[in-house]
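The values are calculated or read from the model by the stated rules, or taken from the named source; none is laboratory data. None of the values given here were measured: they were computed from a predicted structure. So basically every Cβ, Gly included, is an ideal-geometry build from the backbone, and we count neighbours across all protein chains shown.
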């Protein structure tokens, strides 16, 4: 069953237990705007509240994933900063309320999010994927931490996530050069988990999302949140405490009880009847 919902800058549909969000400004290579970000946050929030949704896939319309922030945003921000008379006004011009509230952090708290990167993922078009969970790339995909070429610095938690994903040396090279790399280099670095022929990208990503969505949603989401929280936690005892609390909750869950029954009855579990 497929259901659709209308937005202005994204497309949203649900195919079975997988939601598909498509960045939908193809005439601008899906350049990122605050409205697009708000619509994505709303759509993902809806998925989080829907027991019939187990995973989310994000891709781009047309030939690009996301070419970066819309340059109109930069120009308006420059004009606002030039007109500001206090440091507080300049800060507000640089970081609108939505951004100060977390920007792309909602990906970290959501149900599993997979990216089907179908073309250029530049600047925020790359950094917003880092706080998602899995990145699958078309063989036509291109990537760049373009910020220094714009005279600015990386954002959206990328200075935490990028070194964790690709290693500090690769993160520094990408961030200090602003160089555009292809899908094969991204795979070599670990920036993406696989590269597939362009025409198979969405099918393969949706299939992987379906595999995830077939598992107990609460267990999957708890495992994801443990990984994100513990990734940079230096206190090993705190990591163990969080893991212990999480697994204790899951021992009481319907999914665990169904898994045990299915094992004893020698059948496949049905976590989402």
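Please find, within the range 235-270, the residue that is surrounded by the most Cβ atoms within 10 Å (Cβ to Cβ) out of those that are in contact with a helix residue (DSSP H, G or I) (Cβ under 8 Å, 6 or more places away or on another chain) and not in a helix (DSSP H, G or I). The residue in question is 269.
Residue 45: in the same structural domain as residue 145 (by TED's automatic domain parsing), more than 28 Å from residue 200 (Cβ to Cβ) and modelled with pLDDT of 70 or more, yes or no? Against the criterion (in the same structural domain as residue 145 (by TED's automatic domain parsing), more than 28 Å from residue 200 (Cβ to Cβ) and modelled with pLDDT of 70 or more), residue 45 qualifies. With respect to (1) surrounded by fewer than 17 Cβ atoms within 10 Å (Cβ to Cβ); (2) in a helix (DSSP H, G or I); (3) touching a residue at least 12 places away in the same chain (Cβ under 8 Å), the lone exception for residue 232 is condition (2).
For the range 42-67, a residue qualifies if it is over 20 Å from residue 210 (Cβ atoms) and assigned to a strand (DSSP E or B), and the qualifying residues are 60, 66. Selection of the range 45-68 for residues being within 15 Å of the chain's Cα centre (by Cα) and on the phi > 0 side of the Ramachandran plot yields only 68.
Does residue 176 fit the bill of being farther than 16 Å from residue 115 by Cα, surrounded by fewer than 13 Cβ atoms within 10 Å (Cβ to Cβ) and touching a helix residue (DSSP H, G or I) at 6+ places or on another chain (Cβ under 9 Å)? In short, yes.
Elements of the type helices (runs of 4 or more DSSP H) sitting completely within the range 103-209 and holding at least 2 residues that are within 15 Å of the chain's Cα centre (by Cα): these cover 106-109, 124-130, 158-166. Within the range 18-31, identify whether any single residue is at pLDDT below 95, outside any helix (DSSP H, G or I) and surrounded by 14 or more Cβ atoms within 10 Å (Cβ to Cβ), and answer yes or no. No, because not a single residue in the range 18-31 is at pLDDT below 95, outside any helix (DSSP H, G or I) and surrounded by 14 or more Cβ atoms within 10 Å (Cβ to Cβ). Just one of (1) farther than 21 Å from residue 228 by Cα; (2) at pLDDT 95 or above fails for residue 190. It is (1).
You will find that of 101, 123, the residue that is modelled with pLDDT under 95 and over 17 Å from residue 188 (Cα atoms) is 101 and no other. Within the range 10-42, track down each residue that is within 18 Å of residue 202 (Cβ to Cβ) and in contact with a helix residue (DSSP H, G or I) (Cβ under 6 Å, 6 or more places away or on another chain). Passing the criteria: 10, 12, 17, 18, 19, 21.
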